[in-house]
């Protein structure tokens with residue numbers, strides 16, 4: 001299996017070994033934003049059908065009508081361990097009184113949004129002195145507006161990205177003309193510009209992750225091999241450019257950071273679109289490369305919505321708005337190029353997003369719907385203007401109740417407020433700080 005196929009397999013199905021796909025712990029975030037991490041061994045999930053069963057006198061058997069399925073139910077048994085296991089377990093038990101759904105990163109199934117049904121804390125300091133076991137039951141609710149779960153919407157987004165990539169690759173091939181060497185070399189030149197922009201703009205997302213950096217380097221080498229052929233194989237080139245654009249979405253950074261990167265990428269690709277038409281076939285080849293990368297960037301940003309950490313409701317809503325803005329910006333830039341071809345023969349004209357426009361509309365709408373569905377389960381951003389000099393550590397204890405496990409609440413406060421040097425020790429009166437409630 002080639003590198004591109006391996007990466008595609010990882011993107012679509014995860015690692016190809018079941019052991020590598022299993023996480024070493026379960027993570028749960030309460031409706032009010034309290035996060036817990038626990039050990040997990042096993043636990044079933046149950047699915048039952050909604051059946052209409054009709055009985056008739058003197059008729060053997062029943063008529064059964066399939067009315068679809070009930071929500072999936074989960075039994076989750078988790079274990080808090082360590083010197084503070086009893087304290088953490090008590091905090092978890094208290095958090096179970098909160099109203100609303102929980103975000104759960106399941107060790108096997110990944111992200112699911114669940115409603116707690118019941119919880120039992122097994123208090124046994126004699127028989128299990130270093131561990132507190134928690135037994136819990138959950139149900140996966142559907143969103144009342146979409147009639148879908150958040151996990152279902154996430155899976156739908158993945159499928160729509162695959163459809164978008166397929167149609168974008170076909171449109172890329174349809175737009176290209178390699179009848180003479182000059183047209184092929186124009187395609188090569190446009191690809192070189194695109195890969196340089198992709199590498200420069202997205203590098204902050206993968207530079208610190210060796211496996212991702214190595215994979216992208218290998219893809220760049222494959223692009224170099226393909227683009228220098230006498231006749232460029234368009235299917236291979238399209239797939240490689242799509243992977244080069246979308247793989248960084250799995251890299252480092254939160255949703256806002258990745259959103260800014262892909263916004264800059266759309267701007268960079270817009271800047272190299274042809275602005276005058278000297279040779280229609282050359283200009284169309286150049287436009288096709290930029291369009292493929294821009295469309296792929298929108299697909300990557302939709303993926304960001306499902307794989308990136310979002311702490312607050314405002315972050316989710318801002319990302320939903322950004323996806324729409326980037327789609328509008330890309331469409332405006334590509335339509336402007338299309339207008340430049342109006343005086344050319346019809347067969348030589350360039351038509352923007354002829355096979356992908358409705359896919360993009362559908363994808364951006366679905367990604368926005370997912371983020372809006374997710375938003376109520378996230379924290380609320382609260383801004384405070386200090387009325388007196390205060391130490392960050394005191395603010396964290398007052399607002400969050402404690403410093404968090406291994407000081408995570410304190411670290412969050414330092415990071416989100418970008419505190420450095422002496423400001424970590426003391427903040428002046430009048431300084432505005434952000435708290436996530």
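Computed from the coordinates by the stated procedures, all read-outs in this text should not be read as laboratory data. These figures come from a predicted structure and were not determined experimentally. As a convention, Cβ positions derive from the backbone with ideal geometry for all residues, glycine included, and neighbour counts pool all protein chains shown.
Here are the numbers for the structure shown:
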item	result
Tilt relative to the chain, helix 150-175 - C-alpha long axis, 0 to 90 degrees, to 10	10
Peptides ranked, highest mean first, by Cβ atoms within 10 Å: ranges 71-81, 57-67	71-81, 57-67
Relative contact order of the chain, pairs being alpha-carbon contacts under 8 Å that are 6 or more residues apart, as %	14
Over the stretch 267-309 - Rg/Rh using Cα atoms and the Kirkwood inverse-distance radius	1.18
Order by protection proxy (mean Cβ within 10 Å, highest first), peptides 309-320, 270-281	309-320, 270-281
The stretch 3-139, relative contact order in percent, only Cα pairs under 8 angstrom and at least six apart counted	25
0 to 90° range, to nearest 10: angle between helix 181-206 axis and the chain longest Cα axis	20
Highest-first arrangement of 349-357, 382-390, where packing means the average Cβ count within 10 Å	349-357, 382-390
Cut-off 13 Å, label 7 Å out along Cα→Cβ of residue 391, residues of the stretch 416-437 by amide N	424-427
Percent RCO, i.e. relative contact order, over the stretch 381-436, from Cα pairs under 8 Å lying at least 6 residues apart	60
Net length gained if the chain between residue 415 and residue 318 were fully extended (0.36 nm per residue, minus Cα distance)	33.0 nm
Cα long-axis angle, helix 313-340 against the chain (0 to 90 degrees, to the nearest 10)	10
P(r), alpha carbons of the stretch 381-436 - 10 Å bins starting at zero, rounded %	25, 64, 11
Rg/Rg_ref, the stretch 347-388, where Rg_ref = 2.2 N^0.38 Å and atoms are Cα	2.25
Over the chain: helical MRE at 222 nm, DSSP H runs n ≥ 4 each giving -39500 (n - 2.57), nearest 500	-16500 deg cm²/dmol
Zone of residue 139's modelled label, taken as backbone nitrogen in the stretch 58-76 under 18 Å from a point 7 Å along Cα→Cβ	67-76
Cα-based convex hull, the chain, per residue volume (Å³, whole number)	221
The stretch 3-139 - Rg (one decimal) and Dmax (whole number), Cα, Å	20.1, 67
Along principal axes, Cα extents of the stretch 131-252, largest first, whole Å	68, 35, 19
Extended-chain gain in nm, criterion 0.36 nm per residue less alpha-carbon gap, residue 211 and residue 69	47.1 nm
Antiparallel %, DSSP beta bridges [both residues in the chain], to 5	100
